[in-house]
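Novice: I am attaching a structure below and will ask some questions about it afterwards.
The values are calculated or read from the model by the stated rules, or taken from the named source; none is laboratory data. Since this is a predicted model, take the numbers as computed values, not measurements. Positions of Cβ are generated from backbone atoms using ideal geometry, with glycine treated the same way; all protein chains shown enter the neighbour counts. For accessibility, only protein heavy atoms count, side chains too; no ligands or nucleic acids. Shrake-Rupley method; radii C 1.70, N 1.55, O 1.52, S 1.80 Å.
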Amino acid sequence: MKYLVMVQGSQADYEAMAGKPSAGSPAWNKEDMQAMFAFMGGLNNDLAESGEMVDGQGLTEPARTRSVLPGADGRPVITDGPYGETKEQLAGYWVLDCASLERVTEIAARIQECPQPEGAPVYPVLIRPIEEGGDPGASE
């Protein structure tokens, strides 16, 4: 079964990684960033070697988000982000092909071990099965 495994972050988190702290996100230094990238690189290599990695990407900051909604007149309404009411955004993802929900949950727990500075916010790692058979009610 394929799963979408997602990590979240806020605009403040991206700014903290660029060295600009806020009340909820301490500034990251060069060593913090290197530790995170080394951890993620090792994780990605392990998942590729096990054959479970289908795809995985980090995403750019929420400030570079664009939202497209239908307008009242039927024409699209395009807004650049982030929005004042928005908090966490999708920060990165993996598409994994795992034998079971238990296995992908083990991987999500490993993702939670990624190093970060003391006091940095902790977000859940989200797991969503990918529907491949055309039946949204089907289960694993």
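Novice: Which condition does Leu69 not pass, out of (1) in contact with a strand residue (DSSP E or B) (Cβ under 8 Å, 6 or more places away or on another chain); (2) within 18 Å of Asp97 (Cα to Cα); (3) open to solvent by 50 Å² or more (accessible area, probe 1.4 Å), if it passes all the others?
Specialist: For Leu69, the failing item is (2).
Novice: It is to be established whether one or more residues within region 81-97 are farther than 19 Å from Ile127 by Cα, surrounded by 13 or more Cβ atoms within 10 Å (Cβ to Cβ) and small (Gly, Ala, Ser).
Specialist: yes
Novice: Can you confirm whether Gly119 is in contact (Cβ under 8 Å) with a residue 24 or more places away in the chain, closer than 19 Å to Glu15 by Cβ and either open to solvent by less than 90 Å² (accessible area, probe 1.4 Å) or assigned to a helix (DSSP H, G or I) (or both)? Let's see the steps before the verdict.
Specialist: Details: in contact (Cβ under 8 Å) with a residue 24 or more places away in the chain: yes; closer than 19 Å to Glu15 by Cβ: yes; either open to solvent by less than 90 Å² (accessible area, probe 1.4 Å) or assigned to a helix (DSSP H, G or I) (or both): yes.
So Gly119 fits the description; yes.
Novice: Does any residue in region 40-55 that is of a type in the set (Phe, Trp, Tyr) come within less than 9 Å, Cβ to Cβ, of a residue that is surrounded by 11 or more Cβ atoms within 10 Å (Cβ to Cβ) and assigned to a helix (DSSP H, G or I) six or more places away or on a different chain, and which pairs are these?
Specialist: Cβ pairs passing all conditions: none.
Novice: Return the total of residues in region 46-60 being touching an Asp or Glu at 6+ places or on another chain (Cβ under 8 Å), open to solvent by 40 Å² or more (accessible area, probe 1.4 Å) and outside any strand (DSSP E or B).
Specialist: Selection size over region 46-60: 1.
Novice: When region 64-105 is examined, which residues are found to be in a strand (DSSP E or B), free of Cβ contacts under 8 Å to residues at least 60 places away in the same chain and hydroxyl-bearing (Ser, Thr, Tyr)? Please lay out each step first, then the result.
Specialist: Let us first name the residues in region 64-105 that are in a strand (DSSP E or B), namely 66-70, 76-80, 89-97.
Imposing the further condition that a residue be free of Cβ contacts under 8 Å to residues at least 60 places away in the same chain reduces the set to 66-70, 76-80.
Answer for region 64-105, where residues must be in a strand (DSSP E or B), free of Cβ contacts under 8 Å to residues at least 60 places away in the same chain and hydroxyl-bearing (Ser, Thr, Tyr): Ser67, Thr79.
Novice: When you go through Ala38, Ala108 one by one, which is the residue that is modelled with pLDDT of 95 or more, among the small types (Gly, Ala, Ser) and either under 30 Å from Gly134 (Cα atoms) or in a loop (DSSP other than H, G, I, E, B) (or both)? Let's see the steps before the verdict.
Specialist: Details: Ala38 fails: either under 30 Å from Gly134 (Cα atoms) or in a loop (DSSP other than H, G, I, E, B) (or both).
Result of the check over Ala38, Ala108: Ala108.
Novice: Do you know which of the residues in region 1-40 that are surrounded by 13 or more Cβ atoms within 10 Å (Cβ to Cβ) and among the polar types (S, T, N, Q) is farthest from Ala109 (Cα to Cα)?
Specialist: Filtering region 1-40 for residues that are surrounded by 13 or more Cβ atoms within 10 Å (Cβ to Cβ) and among the polar types (S, T, N, Q), the one farthest from Ala109 (Cα to Cα) comes out as Ser22.
Novice: While we're here: Taking the stated definitions as given, is Leu43 assigned to a helix (DSSP H, G or I), touching a Leu at 6+ places or on another chain (Cβ under 8 Å), open to solvent by less than 80 Å² (accessible area, probe 1.4 Å) and hydrophobic (A, V, I, L, M, F, W, C)? Step through it out loud before you land on a result.
Specialist: Values: assigned to a helix (DSSP H, G or I): yes; touching a Leu at 6+ places or on another chain (Cβ under 8 Å): no; open to solvent by less than 80 Å² (accessible area, probe 1.4 Å): yes; hydrophobic (A, V, I, L, M, F, W, C): yes.
So Leu43 does not fit the description; no.
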